[in-house]
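Chemist: Before we start, here is the structure in question, set down as structure tokens.
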Amino acid sequence: MGQMTEEMKKRRVTGAAGGGMVEIEMNGVMETLCCRIDPKLFEQNDRELIEDLVVAAVNQAITKGKQMHTEAVREMTGGLPPPGGLQEALAKFTAADGEEEEPEGRD
């Protein structure tokens, strides 16, 4: 798993909000690397709007990072279901908006 962690640190995802006026870049282990805010947003003098856009961009980056992590695990296992309940844990990890996803291959 250490090799996977190192690989995930090299990968990048970007979350954006406000039509790209706010962008958050994270690596595959969910470390925030960069926050870009279009200077035009500051001209509006609307702190709450900026805060909301930053939160939305962070959440989008987290969602993309979780998806990337899940795909990396699938690649690592050759598409086979992960062992010992890991599949269920990954489904919870990648679920959006607090909704649990059903693990693949289960009825």
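The values are calculated or read from the model by the stated rules, or taken from the named source; none is laboratory data. Note that the structure is a prediction, hence the values are computed from the model and not measured. Cβ: placed from backbone, ideal geometry, glycine included. Neighbour counts: every protein chain shown.
Chemist: Taking only pairs six or more apart or across chains, which ones have beta-carbon atoms under 8 Å, a first residue in segment 44-67 that is surrounded by fewer than 16 Cβ atoms within 10 Å (Cβ to Cβ), and a second residue that is of a type outside the set (G, A, S) and part of a helix (DSSP H, G or I)?
Modeler: L49/L41; Q67/T94
Chemist: For R36, indicate whether it is loosely packed, with under 15 Cβ neighbours inside 10 Å and at pLDDT 95 or above.
Modeler: yes
Chemist: Select from segment 16-62 the residues that are touching a helix residue (DSSP H, G or I) at 6+ places or on another chain (Cβ under 8 Å) and of a type in the set (S, T, N, Q) and list them in ascending order.
Modeler: Looking only at segment 16-62, we keep the residues that are touching a helix residue (DSSP H, G or I) at 6+ places or on another chain (Cβ under 8 Å), and these are 16-18, 21-32, 35, 37, 41-42, 49-50, 53.
Listed by number, the residues that qualify are N27, T32.
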